[in-house]
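What follows is a short report on a single structure.
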Amino acid sequence: QVQLVESGGGLVQPGGSLRLSCVASGTVFSHLVMAWYRQAPGKQRELVALITSGGTRNYLDSVKGRFTISRDNAKNTVFLQMNSLKPEDTGVYYCNQLPSGPWGQGTQVTVSS
């Protein structure tokens with residue numbers, strides 16, 4: 001069973017940056033399509049970015065040019081570098097495989113002045 005542990009969230013001012021990390025265990029990580037999702041208060045969870053086993057990336061339109069997803073297969077870790085953060089990026093960020101499996105606890109990102 002896959003276990004996912006997200007970290008790196010926090011409170012940041014608009015225009016700031018954060019780097020999220022997600023460590024996966026209990027699976028052959030390098031074969032997986034991995035993704036970052038977020039859930040804002042009162043809204044449904046949405047897919048923000050994904051990366052395939054071959055390194056192909058896709059992004060939600062609203063984060064293109066600001067967020068970068070990457071992975072380190074040797075460390076079973078997927079990252080999300082978030083730059084030029086906006087208040088609308090606020091939410092709980094989760095990583096998961098595609099199709100999704102069990103969810104981790106997520107990490108809170110709050111963008112506010």
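The values are calculated or read from the model by the stated rules, or taken from the named source; none is laboratory data. Computed from a prediction, not measured in an experiment: that's the story for all the values here. Heads up, the Cβs are rebuilt from the backbone with ideal geometry, glycines too, and the neighbour counts pull from every protein chain shown. Please note that ligands, DNA and RNA were not included when accessible areas were found on the heavy atoms of the full protein model with its side chains. Shrake-Rupley method; radii C 1.70, N 1.55, O 1.52, S 1.80 Å.
Considering only 64, 43, 86, the Gaussian network model of the chain with Cα springs below 10 Å gives its largest mean-square fluctuation to 43.
Over all projection directions, the Cα-based convex hull of segment 50-113 averages an area of 5.1 nm².
Based on Cα contacts under 8 Å between residues 6+ apart, segment 10-113 shows a relative contact order of 37 percent. Per the Kirkwood formula applied to alpha carbons, the chain shows a radius of gyration over Rh ratio, Rg over Rh, of 0.94. Averaged per residue, the chain has 51 square angstrom of accessible surface, using a 1.4 angstrom probe with ligands and nucleic acids left out.
When the solvent-accessible area of segment 1-98 is split by element, carbon and sulfur atoms take up 49 percent of it, the probe being 1.4 Å.
A crude spin-label estimate for the pair residue 75 and residue 33, with each label 7 Å from Cα along the Cβ direction, gives 2.5 nm.
Excluding residues fewer than 8 places away in the same chain, name every one of the aspartates and glutamates whose C-alpha is closer than 17 Å to that of residue 75. Hits, sequence-local ones excluded: 6. Cross-link partners among lysines for residue 43, C-alpha distance below 28 Å, same-chain residues fewer than 8 apart left out? Here the lysines satisfying the reach criterion relative to residue 43 are 64, 86.
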